[in-house]
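**Student:** The structure's right below; bear with me while I get my questions together.
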Number of protein chains: 4
Amino acid sequence: MSKWTVKLGAAELNDVLSDAFPSDARIDLVREVSPGRVRLVRPFHASMLRPGELISGPTLMNLADNAAYVLVMAHVGAELMAVTTSLTIQFLRGAKPGEIHAEAQLLTLGRRLAVCDVRLWTESPERLAAQATITYARAG
Amino acid sequence: MSKWTVKLGAAELNDVLSDAFPSDARIDLVREVSPGRVRLVRPFHASMLRPGELISGPTLMNLADNAAYVLVMAHVGAELMAVTTSLTIQFLRGAKPGEIHAEAQLLTLGRRLAVCDVRLWTESPERLAAQATITYARAG
Amino acid sequence: MSKWTVKLGAAELNDVLSDAFPSDARIDLVREVSPGRVRLVRPFHASMLRPGELISGPTLMNLADNAAYVLVMAHVGAELMAVTTSLTIQFLRGAKPGEIHAEAQLLTLGRRLAVCDVRLWTESPERLAAQATITYARAG
Amino acid sequence: MSKWTVKLGAAELNDVLSDAFPSDARIDLVREVSPGRVRLVRPFHASMLRPGELISGPTLMNLADNAAYVLVMAHVGAELMAVTTSLTIQFLRGAKPGEIHAEAQLLTLGRRLAVCDVRLWTESPERLAAQATITYARAG
């Protein structure tokens, strides 16, 4: 989908995240930005685990939400004023310990709403741990 | 995602649909089946329109549900006993009149649950009308 | 939730529906309107059934969408210009044949978005067939 | 909905939570349990805030997930083996700082799936901050 235009690249987005969350040791790293897509990685930390030695649902939801935020910011710019209005996540299989990958794709980016598809995995993109659809309302 | 194995091809799936819905003039046509994916087309009919000359939401939901059903059947076989347990659809833009395309992708196919991503459009796949995530429970 | 104000009662809403869908034999009937809530009934018709003698998913989705539309209209007025932006439905159990009841409740009604909870049943409100959450964008 | 039977009351559920998360200073408190419903409170902590002085989305998602977990456990017992399979949350308005209330209601509790409705607020139940629908798969 070449119709999207990137306004902020990976280096710029990482700078924005570092400024916004200076004290967060487990900050997400933006690895790749292309029109309509971003890829992030969240380093693993043992505190993410739940009984059963799987990564917790809230950790995955939090990363999905963050990936959608970064995706919208990459296409709209850092002056972004947007709020998540809905998030739907399907947990597809237990997420084994390891760094968590998120690939987020724009489904639409309008004047008022943005909708993003996010896929999460630890083992391999062929073994998705979760899929989320996230809607942002852009401030008027 | 080459891990999925196709059990029924497009011709076989169209036969199953014809047998199941013999009197439905607006039957969906399965155009393409590949591991983890199917593509369907629903011929346009004026009764699908709502005020504003756009295709109605229920028409799109119905096609999304059908595409997920065909996708699961393509990978499980015609003896399928499955029920939709949830459907989430995002309406991304008004769907202009025309045949409706559905591309459905398996996100997971387990012993008990299947989760499918479905994208719908009339104008072009770069201008999606809707995205749906659909969960099937496979009968025990 | 007494904070909502009803603008159109059941009789007026039924008139609006009759005018909008004059040829639809299976029109929904608005039974009750109170602040923040409406109750509708869709008369049963054998064409709603799917294999297994249960009411089809698309029938339930269509009624849920309609109930949310009526609910918003009851509180905003007939000049309503609104579009469904998302619908999430959980199918909770098979819906046995019979008239279908829908109870819709406003969760929020803002300048730009309305969010509705809809519950559907045939047998009894203690045996829900489905629950839906529906978002409307109000035209600017 | 008097058809549900409570197996664990508020005191027992609070004990289970204390044992499960001994080091978590911001543990949720179960306030009330009745057939088909539980009410929880999460004490406020400044770390929950996001720019704009509102409670963050991940905080609300985490509480919603926890409330559904407690709700299922209240009706199934502490030997619960269940995993969240999907979560859909609608953010209805900004959540002002304060203790967060969660009211969770069973929509269905079957042999394999449980579906819960959760409503969250800080100011008042008439000013909901979010509504979530959460599905649990019960281990076989």
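The values are calculated or read from the model by the stated rules, or taken from the named source; none is laboratory data. As the structure is a prediction and not an experimental result, all values here were calculated from the model. Methodologically, a virtual Cβ is constructed for each residue, glycine included, from the backbone with ideal geometry; neighbour enumeration extends over all protein chains shown.
**Student:** Take C:Arg127 and tell me if it is facing chain D (nearest Cβ under 10 Å), within 22 Å of D:Arg112 (Cα to Cα), crowded, with 18+ Cβ neighbours inside 10 Å and among the basic types (Lys, Arg).
**Tutor:** no
**Student:** So how many residues does the stretch D:106-124 have that are crowded, with 17+ Cβ neighbours inside 10 Å and either out of contact with any Cys (no Cβ under 7 Å at 6 or more places or on another chain) or more than 11 Å from every other protein chain (Cβ to nearest Cβ) (or both)?
**Tutor:** Result for the stretch D:106-124: 12.
**Student:** With B:Ala82, B:Ala132, B:Ala78, B:Ala137 as the choices, which residue is modelled with pLDDT of 95 or more and out of contact with any Pro (no Cβ under 8 Å at 6 or more places or on another chain)?
**Tutor:** One residue alone meets the criteria, B:Ala132.
**Student:** Same structure, new question: Is there a residue in the stretch A:87-102 that is under 18 Å from A:Arg31 (Cα atoms), modelled with pLDDT under 95 and out of contact with any Pro (no Cβ under 7 Å at 6 or more places or on another chain)?
**Tutor:** Scanning the stretch A:87-102 turns up no residue that is under 18 Å from A:Arg31 (Cα atoms), modelled with pLDDT under 95 and out of contact with any Pro (no Cβ under 7 Å at 6 or more places or on another chain).
**Student:** Can you tell me which of (1) closer than 23 Å to A:Leu113 by Cα; (2) assigned to a loop (DSSP other than H, G, I, E, B) is the one B:Gly98 doesn't meet?
**Tutor:** Condition (1) is where B:Gly98 drops out.
**Student:** Hey, among A:Gln131, A:Gln105, which residue is in contact with a Leu (Cβ under 7 Å, 6 or more places away or on another chain) and outside any helix (DSSP H, G or I)?
**Tutor:** Just one listed residue meets the conditions, A:Gln131.
**Student:** Still on this model: Kindly indicate which of C:Ser56, C:Ser47 is surrounded by fewer than 24 Cβ atoms within 10 Å (Cβ to Cβ) and in contact with a helix residue (DSSP H, G or I) (Cβ under 8 Å, 6 or more places away or on another chain).
**Tutor:** Working: C:Ser47 fails: in contact with a helix residue (DSSP H, G or I) (Cβ under 8 Å, 6 or more places away or on another chain).
C:Ser56 is the lone residue from the list that is surrounded by fewer than 24 Cβ atoms within 10 Å (Cβ to Cβ) and in contact with a helix residue (DSSP H, G or I) (Cβ under 8 Å, 6 or more places away or on another chain).
**Student:** Given the conditions (1) at pLDDT 95 or above; (2) farther than 26 Å from A:Ala129 by Cα; (3) in a helix (DSSP H, G or I), and given that B:Ser47 satisfies all but one, which numbered condition is not satisfied?
**Tutor:** Only one criterion is unmet by B:Ser47, namely (1).
**Student:** Could I ask something else about it? In the stretch C:51-64, how many residues are more than 9 Å from chain B (Cβ to nearest Cβ) and touching a Pro at 6+ places or on another chain (Cβ under 8 Å)?
**Tutor:** So the count comes out to 2.
**Student:** Within the stretch A:23-40, can one find any residue that is touching a Leu at 6+ places or on another chain (Cβ under 9 Å), of a type in the set (Ser, Thr, Tyr), within 25 Å of A:Val6 (Cβ to Cβ) and away from chain B (no Cβ under 14 Å)?
**Tutor:** No.
**Student:** Would you pick out the residues in the stretch D:65-103 that are buried (at least 20 other Cβ atoms within 10 Å of the Cβ), closer than 25 Å to A:Gly52 by Cα and either within 14 Å of chain C (Cβ to nearest Cβ) or of a type in the set (Gly, Ala, Ser) (or both)?
**Tutor:** Passing the criteria: D:Ala67, D:Ala68, D:Ala74, D:Thr84, D:Thr85, D:Ser86, D:Leu87, D:Thr88.
**Student:** Which condition breaks for C:Gly52 when tested against (1) within 14 Å of the chain's Cα centre (by Cα); (2) not in a strand (DSSP E or B)?
**Tutor:** Of the numbered conditions (1) within 14 Å of the chain's Cα centre (by Cα); (2) not in a strand (DSSP E or B), the odd one out for C:Gly52 is (1).
**Student:** Oh, and also: Are any residues in the stretch D:1-35 among the small types (Gly, Ala, Ser), assigned to a loop (DSSP other than H, G, I, E, B) and either surrounded by 16 or more Cβ atoms within 10 Å (Cβ to Cβ) or modelled with pLDDT under 95 (or both), and if so, which ones?
**Tutor:** D:Ser2, D:Ser23, D:Ala25
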